[in-house]
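This report refers to the structure that appears directly beneath it.
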Amino acid sequence: VSTRPGKDAMGMDLIAVREGDPGANLHSIVLDGATVQRMGVRVAPVRRERLTRIVRALGRVEFDETRVSAINMKFDGWIEKLWVDETGQLVNKGAPLFAVYSPELLASEEEYLQAVRGDGAGPIAGRMVEAARKRLRQFDVPASLIDEITASGKAQRTVIIRAPARGFVVHKAAFEGTFVKMGANLFTLADLKALWVVADVYESDAAWVVVGQSATVEFDYLPGQIQDAKVDFVYPTMDKTSRTLQIRLSLPNPKIVLKPGMFATVRIHTQPTGETLVVPAEAVLHSGERTLAFVALGNGRFEPRDIKLGVSGDEQLEVLSGLKEGEVVVTSGEFLLDSESRLKEAVEKLLGSNVGPADGGAPPEAAAHDGGHDAR
């Protein structure tokens with residue numbers, strides 16, 4: 001690059017470039033139509049739209065906690081008879097689970113009968129009967145059995161514990177003849193007609209997911225079958241090890257096809273509120289610390305532009321600064337444009353320190369007669 005016409009150090013003729021010529025602008029690139037076509041340059045407008053994104057996560061089927069019942073002992077005793085003796089067995093609501101003998105419970109029955117027999121002995125007798133009856137109810141003695149004890153006037157040696165809800169036995173620790181202590185968890189029943197799918201969303205996608213968004217769930221167990229669902233709950237804490245956030249979806253399971261423990265592929269259809277400036281993802285070049293897009297200025301002119309990006313959609317990126325709505329950006333062939341841009345950038349940096357008279361060039365007076373143009 002020289003301020004005077006002539007030849008360079010290698011003997012090549014310098015070409016004059018006048019101010020205002022496209023080639024004199026080191027901040028833009030000029031290509032003829034044939035070159036643009038050979039490079040396969042395609043463009044797209046900068047638009048203002050709502051970004052959409054499908055967040056993919058791995059999920060697992062779990063019990064619906066609102067449909068799980070636990071049967072615990074509220075007194076010490078011995079299991080004398082067992083009706084439900086297999087894990088996985090389906091139990092209907094009110095069905096007998098086991099019969100238990102408890103000296104403490106038997107004593108409470110006797111106290112109740114004594115209160116009933118002394119019902120007419122004074123004004124306090126009625127409250128005593130009610131208190132003794134309430135104590136039996138707190139031991140999970142059915143009201144029908146209390147009425148039977150009242151009618152017969154005899155205490156029952158064993159009490160039958162029945163299922164509080166319909167469900168499958170997913171946990172069983174009861175065996176005939178064993179002694180069980182108060183608080184022991186003997187059975188856990190789960191209704192599998194509805195289940196939860198708990199999915200792990202990566203931290204980078206967590207901001208996109210909110211309650212109420214639609215989703216699809218696919219299982220390897222049922223290839224080709226996709227179930228629709230909605231995000232039912234977003235857990236308030238993040239796993240500090242995996243850096244994932246758990247979300248929950250509810251699925252109906254009337255035919256008990258889905259099983260807890262299955263894995264599922266969850267796709268959440270997310271969409272942030274409000275419109276924003278967006279460009280196609282293929283229009284953006286990431287080069288180290290810089291993020292570039294090439295703006296088509298028309299007539300074969302292209303300008304590299306530093307831009308700042310926001311969130312990423314499926315096929316589009318949010319632009320926070322550097323572009324305006326309606327501008328046209330290059331979506332294909334920008335890598336070749338980037339190479340040309342880097343060359344011009346290097347030339348621009350050299351202008352301040354590498355500009356001088358060419359070897360064998362004309363004297364300074366000749367440059368003045370040439371119209372004051374740069375020679376290259």
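The values are calculated or read from the model by the stated rules, or taken from the named source; none is laboratory data. Since the structure is predicted, the reported quantities are computational estimates derived from the model, not experimental observations. Note: ideal-geometry Cβ built from the backbone for every residue, glycine included; neighbour counts use all protein chains shown. Note: accessible area is taken over every heavy atom of the protein model, side chains too, but ligands, DNA and RNA are not part of it. Shrake-Rupley method; radii C 1.70, N 1.55, O 1.52, S 1.80 Å.
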Subject >> Fully extended contour minus Cα-Cα distance, from ARG137 to GLU110, at 0.36 nm per residue >> reply: 8.3 nm
**OP:** Quote to one decimal, in nm, the extra length available between THR178 and LEU90 on full extension: 0.36 nm per residue of separation minus the C-alpha distance between them.
**Re:** 29.4 nm
Original post:
Spin-label point model (7 Å from Cα, Cβ direction): what's the LYS240 to SER144 distance in nm?
Top reply: 5.3 nm
**OP:** Output ³J(HN,Hα) for the stretch 87-99: one whole-Hz value per residue in order, computed from phi by the Karplus curve 6.51 cos²θ - 1.76 cosθ + 1.60 with θ = phi - 60°, and x for Gly and Pro.
**Re:** 6, x, 6, 7, 10, 8, 4, x, 6, x, 9, 7, 10
Original post:
Between GLN271 and ASP228, 0.36 nm times their residue separation minus their Cα-Cα distance comes to what?
Top reply: 13.8 nm
Original post:
Just the accessible area for VAL284, please: 1.4 Å probe, Å², rounded to the nearest 10?
Top reply: 20 Å²
